[in-house]
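Below is one structure; the comments refer to it alone.
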Amino acid sequence: MFITPSLMLLAVAAFCQEAPPKVPAFTPEEIAAAQKDPKRFQIADESFDIRFQGLEQRPVNLPPPSVELPTDELVVVDHIINIGRKIWTIVEENRPVVDVKTQYAAAVPEGITHWAQLTGWDTPKATVYGFLAKNAYGGKMVDVKYAVTRTTGGAFKGKGRYLTGVTIEPLRVEVGWGYRFTMTAEVPSVTNADKTGDDPLAGMMVNIKWRIQTPLKDSQGTGVYYVRGDGLFVEVGGPFSRTEVTQVAERVKSIAVAGGPSW
């Protein structure tokens with residue numbers, strides 16, 4: 001049986017998926033405390049706050065392996081695929097668990113098996129955000145700082161602008177007693193945003209899903225970002241509910257055509 005590069009990549013993609021993050025059960029002490037003082041263990045919905053905190057150029061230092069360049073016949077430059085992760089865990093059991101050197105997404109031409117087979121990569125960039133949630137008393141229960149990192153501009157023999165090293169790096173995770181915080185990253189799709197047909201342009205939507213649990217309440221939401229191979233980066237918004245994410249996807253399509261802020 002002849003196995004094509006596409007089938008090999010599909011197998012790798014399936015292998016790279018992860019199980020849902022672990023959430024430890026609440027202890028009897030935590031349950032008793034929540035029953036005694038419910039406001040302490042209830043996140044106020046209006047308190048959720050995700051804010052842009054700056055832009056950094058901080059290389060992730062992905063180790064380039066020794067790879068051979070595929071022949072032109074095997075590479076389809078205008079068919080862009082993700083050869084990296086599609087879903088991975090960032091924070092589990094209130095602590096960072098992601099390895100940014102191995103857990104990232106990459107939008108490259110079909111036939112490419114590693115980002116190092118492309119050249120001309122730009123300096124990696126990281127856009128930093130703060131995530132804050134307070135309880136009914138106004139006390140900070142979840143205080144997280146994270147960076148959306150990416151490397152843009154890679155080309156195959158001078159053609160196209162692709163993406164690699166797209167990941168979420170937790171910089172600070174502080175969670176109050178009696179709370180469980182998890183965060184995952186998801187790349188639902190990659191696209192060719194080039195409308196001329198002359199120069200492929202990788203586009204990628206990145207969803208950051210978070211969950212805050214207490215003995216009394218379970219809060220969930222999603223932040224959405226759009227990244228492009230020419231350096232465009234857009235914070236589409238958040239936190240969103242699951243139903244709102246579908247609507248956001250339509251907005252991303254319009255951004256891909258019209259462009260948007262890049263920082």
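For the structure I just gave you, tell me whether V245 is surrounded by 20 or more Cβ atoms within 10 Å (Cβ to Cβ), of a type outside the set (D, E) and either modelled with pLDDT of 75 or more or touching a Leu at 6+ places or on another chain (Cβ under 9 Å) (or both). No; evaluated as a whole, the condition is false for this residue.
So, of the residues in region 212-227 that are in contact (Cβ under 8 Å) with a residue 40 or more places away in the chain, closer than 26 Å to E29 by Cα and of a type outside the set (A, V, I, L, M, F, W, C), which turns out to be surrounded by the most Cβ atoms within 10 Å (Cβ to Cβ)? Restricting to residues being in contact (Cβ under 8 Å) with a residue 40 or more places away in the chain, closer than 26 Å to E29 by Cα and of a type outside the set (A, V, I, L, M, F, W, C), the top hit is T214. Can you find a residue that is modelled with pLDDT under 55 and among the aromatic types (F, W, Y) anywhere in region 22-43? No: zero hits.
Per-residue answers, yes or no, for (1) farther than 19 Å from P20 by Cβ; (2) modelled with pLDDT under 95:
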{"site": "V173", "(1), (2)": "no, no"}
{"site": "G176", "(1), (2)": "yes, no"}
{"site": "F181", "(1), (2)": "no, no"}
{"site": "A193", "(1), (2)": "yes, yes"}
{"site": "G203", "(1), (2)": "yes, no"}
{"site": "G221", "(1), (2)": "no, yes"}
{"site": "V227", "(1), (2)": "yes, no"}
{"site": "G238", "(1), (2)": "yes, yes"}
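Please work out if R150 is under 14 Å from the mean Cα position of the chain (by Cα) and among the charged types (D, E, K, R). So R150 fits the description; yes.
Here region 120-164 is the region considered, the condition is being in contact with a strand residue (DSSP E or B) (Cβ under 7 Å, 6 or more places away or on another chain) and polar (S, T, N, Q), and the residue that is farthest from G197 (Cα to Cα) is N135. Across region 90-111, which residue is farthest from T164 (Cα to Cα) among those that are touching a Phe, Trp or Tyr at 6+ places or on another chain (Cβ under 6 Å) and polar (S, T, N, Q)? Within region 90-111, the match that is farthest from T164 (Cα to Cα) is N94.
When M1 is tested against (1) surrounded by fewer than 18 Cβ atoms within 10 Å (Cβ to Cβ); (2) hydrophobic (A, V, I, L, M, F, W, C); (3) at pLDDT 95 or above, only condition (3) is not met. Out of the residues in region 36-53 that are assigned to a loop (DSSP other than H, G, I, E, B) and in contact with a Lys or Arg (Cβ under 8 Å, 6 or more places away or on another chain), which is surrounded by the most Cβ atoms within 10 Å (Cβ to Cβ)? Looking at the filtered set, the residue picked out is Q42.
Of all residues in region 136-167, which are more than 25 Å from V77 (Cβ to Cβ), out of contact with any Lys or Arg (no Cβ under 8 Å at 6 or more places or on another chain) and surrounded by fewer than 16 Cβ atoms within 10 Å (Cβ to Cβ)? The answer is G138, and nothing else.
Criterion applied to T191, T196 was being surrounded by fewer than 21 Cβ atoms within 10 Å (Cβ to Cβ) and free of Cβ contacts under 8 Å to residues at least 40 places away in the same chain, and the one residue passing it is T196. Scanning region 168-178 for residues that are touching a strand residue (DSSP E or B) at 6+ places or on another chain (Cβ under 8 Å) and crowded, with 21+ Cβ neighbours inside 10 Å yields one hit, I168. Of everything in region 114-129 that is polar (S, T, N, Q) and crowded, with 17+ Cβ neighbours inside 10 Å, the residue that is nearest to the chain's Cα centre (by Cα) is T127.
The values are calculated or read from the model by the stated rules, or taken from the named source; none is laboratory data. Please read all numbers here as calculations on a predicted model, not as lab measurements. Don't worry about glycine lacking a Cβ; one is built from the backbone with ideal geometry, like all the others, and counts go over all protein chains shown.
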